[in-house]
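Please read the structure below before turning to the comments.
Just so you know, all these numbers are worked out from the coordinates, no wet-lab data involved. Note that the structure is a prediction, hence the values are computed from the model and not measured. Note that we place each Cβ from the backbone using ideal geometry, even for glycine, and neighbour counts take in every protein chain shown.
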Amino acid sequence: MVHLPRWQVILILLVVLAGVVFAAPNLLLTRDQATQMADEGSVIPHQQISLGLDLRGGVYLLAGVDLAYAFEKDRENLADTVRSALNEAGIGYRELGLVNDAVRVTLENADDASDARQAINRVQTGVQIEGVGEQGMSVAYTEAEMRQRTDEIMSQAIEVMRRRIDDTGTREAAIQRHGDDRIIIQVPGLDDPQRLKAIIGTPAVLSFRFVNENVSPNGQIPPSSEVLPAADDARAGPAAYVVSKRIMVSGDHLTDATSGFDQNSRPVVNFAFDTLGAKRFGDATRENVGKLFAIILDEKVISAPVINEPITGGRGMISGNFTVETANDLALLLRAGALPAPVTYLEERTVGPGLGADSILAGEIASVLGLVFVVVFMVLAYGLFGAMASVALMVNLILLMAALSVLQATLTLPGIAGIVLTIGMAVDANVLIFERIREEVRNGRGPVTAVDAGYRRALSTILDSNLTTLIAALLLFHFGSGPIKGFAVTLSLGLITSMFSAIMVTRLMVATWLRRRRPQALAI
């Protein structure tokens, strides 16, 4: 147990060296320098510990997702699916529409009910079909499908929000689901909450439709068209447009969107479609040269240019009364994708950096005092062995900093409490080992055999105690939220690094000391 194979010695030294390398950016680089290196794609380790909202200051938002809106759109799509299924099967019906939460359809012939069920089930899963009267049918989503759809909507909303925030250059945002229809967004270091709210909450549903130039917005609107207002950025044109309800190309086919400038040096947004979108866009422009093609974002016309020639390359440009910032924001929204449902803000808090600085200072003082007291106790209680354990404790803190940096785990004030607790718990394993060695020395064993027996017999106890604590920390992380998760993260990582430092690093130092000094007795 005392003798270490060469491969184990090399592995221990490599792990410690890696810890020093990945923890160093926290001490040697400023946050701006680390961000610049990340933007440049530097291969040199530059990741720093991400500070949470309570340490760095920033914006806290509690957003509510309008699930009812998303479900209403789903039911409208279900009605279109039922209509298409019945038409393809050649089944006649008199009425088809939404009634409450279901699609109600009245068949022309009651004998077609069985065929209608089969036709609907072939193209749509997760629905419950019930008979209403002799010729009526009701098609609605099942409860299981609604629950699954809720999870999908919330996951999609969180992912879209994350992409939008990341595109602003902020890489330390914490976004998590809260309850059935709420999302918590914490963005440390942000000083413009209004712009963040605008970027997060904009649905960004893009579509391309033709303008009906033969009808005035104030006249009789045909069923196939609707009136949409012009966006603020398009006020140089009409205040409203009559556009076709048929979507020629949707924003789902966008693959890229970037801001730029046109030949007159005015800000524009350049976009690109995928293969299917490029084909549809090319066909639409080829067959309608000379017509107005409306670009619609969130039910507002942001531009309605004339199709001068077919656009077959799958690329286009959105122009309007943009500023550089609004063009950048629109490109960001289009790249990140559309939200599945509107978002409202239920709570907003701004945390100043002063509170964070005070918290960091208090945490540093607590950590240093805890470290000093532990080191003094270990040296007084176990002499040279206690000094070795103190060195391993320093290694443990370095490894913990490196792990937090590499994993980009957000450090919060409760997380600092977890680090302070880890400092106290890190020497528990060494205390168990040293007490075992003392016991073996009292039983008359020599230095080498006493150390070997001490490490071997204490190992199972160390593993059991740390494993039970680790299980509790993992449960806290899984079921907890916010501050509880921050505490659980640092505690879990601290347990892992402390076991390595206490068992492997101290054993390497003790084995090296025994091999070189060959003491006749142990002063422990």
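Quick look at the numbers
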item	result
Packing rank of 373-381, 214-222, where each peptide gets the mean count of other beta carbons within 10 Å, highest leading	373-381, 214-222
Among ASN321, ILE296, SER259 - extreme Cα towards positive end, dipole of segment 154-346, charges at beta-carbon	ILE296
Given charges at beta-carbon only (K, R positive; D, E negative), |dipole| of segment 201-301 in Debye	240
Cβ charges +1 (Lys, Arg) and -1 (Asp, Glu), total dipole of the chain, debye	2780
Folded to 0 to 90 degrees: helix 353-382 orientation relative to the chain principal axis, Cα	30
Over the chain: helical MRE at 222 nm, DSSP H runs n ≥ 4 each giving -39500 (n - 2.57), nearest 500	-17500 deg cm²/dmol
Protection proxy ranking, peptides 145-157, 484-496, average beta carbon neighbours within 10 Å, highest first	484-496, 145-157
Leading residue at positive end of dipole, the chain (Cβ point charges), from PHE71, LEU332, PHE210	LEU332
From the coordinates shown, P(r) over Cα pairs in 20 Å bins from 0, in percent corresponds to which of [x] 17, 36, 27, 16, 4, 0; [y] 19, 47, 25, 8, 1; [z] 22, 55, 21, 2, 0	[x]
Positive-end extreme of charge dipole, the chain - chosen from ALA366, VAL160, GLN408 (charges on Cβ)	ALA366
Folded to 0 to 90 degrees: helix 113-123 orientation relative to the chain principal axis, Cα	50
On Cα atoms only, tilt of 67-89 relative to the major axis of the chain in degrees	50
Student exercise, segment 154-346 dipole from Lys, Arg, Asp, Glu Cβ charges, in Debye to nearest 20	260
Span from the segment 400-446 Cα centroid across to the segment 85-123 one, whole angstrom	68
Packing rank of 49-59, 426-436, where each peptide gets the mean count of other beta carbons within 10 Å, highest leading	49-59, 426-436
